[in-house]
Amino acid sequence: MRGTRGILFLLCLYGYLTAHDVLLGDRALLSPSTQAAIENVASELLEKTKIHSYVVIKKSIKDQASSSRIDRQQFIQQTLQSLSKPYFVLFFIKQDKKIDFYTSDDIKDRIDLEDIYQKYMVPLLPLSQKEMLDASRISAIVLNGYVHFADALAKSYGVEIANSLIDRNGDLLAYFARLAIIGMIAALVILLIYTRLRKR
């Protein structure tokens, strides 16, 4: 009995030591379902390719001691130094409305980061400053980009991610994400019209 408990303890300890936090920063900016999907993909990517993947999401970047804003590139470089290699990292800073992505040097030539960004993230970005950047839109942008980056990395190693949510053409997630955003915008327009009509 003691031997069994010892083995279970060692397995739990190994899992704790080898696990890594995938979502860093202000997790609440993403919907719970998006958080779960990213964590599932990250776990499978790590298991099959040994690549660590991270999403660093922040409302704003400030120095904890002084609460003053810090330089974005300085924040990114400090964060990268603390991560396990090899890695892929997607940074999203809400205040700046900026997305950055980095890989460690040993995997930087495996995928075309800019191509994936243009195809799967840019179409979901707000077209104007007036458009809302709420949890639903942020979740769609981050999830769509992240799973396509992860899928491309996996394919470069000759493996597939079962939890990637992407169909064979790579379009399924983008389609549903855009559909959800259009639905939200339509609902807001209808609500505004209904509110104005009631006031009359």
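Tabulated data
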{"read-out": "Any hit, region 121-137, residues being assigned to a loop (DSSP other than H, G, I, E, B), among the hydrophobic types (A, V, I, L, M, F, W, C) and modelled with pLDDT of 90 or more", "value": "no"}
{"read-out": "Flag for Ile76 being more than 14 Å from Ala150 (Cβ to Cβ) and either touching a Gly at 6+ places or on another chain (Cβ under 6 Å) or at pLDDT 95 or above (or both)", "value": "no"}
{"read-out": "Which listed residue is closer than 14 Å to His52 by Cβ, surrounded by fewer than 17 Cβ atoms within 10 Å (Cβ to Cβ) and not hydroxyl-bearing (Ser, Thr, Tyr), from Asp106, Asp71", "value": "Asp106"}
{"read-out": "Residue list for region 157-168, restricted to those being modelled with pLDDT of 85 or more, touching a helix residue (DSSP H, G or I) at 6+ places or on another chain (Cβ under 8 Å) and surrounded by fewer than 14 Cβ atoms within 10 Å (Cβ to Cβ)", "value": "Glu160"}
{"read-out": "Among residues of region 82-107, those that are of a type outside the set (Lys, Arg) and not in a strand (DSSP E or B), counted", "value": "10"}
{"read-out": "Boolean, Ala150 is of a type in the set (Gly, Ala, Ser) and farther than 19 Å from Leu83 by Cβ", "value": "no"}
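The values are calculated or read from the model by the stated rules, or taken from the named source; none is laboratory data. Remember, predicted model here, so these are calculated numbers, not experimental data. Note: ideal-geometry Cβ built from the backbone for every residue, glycine included; neighbour counts use all protein chains shown.
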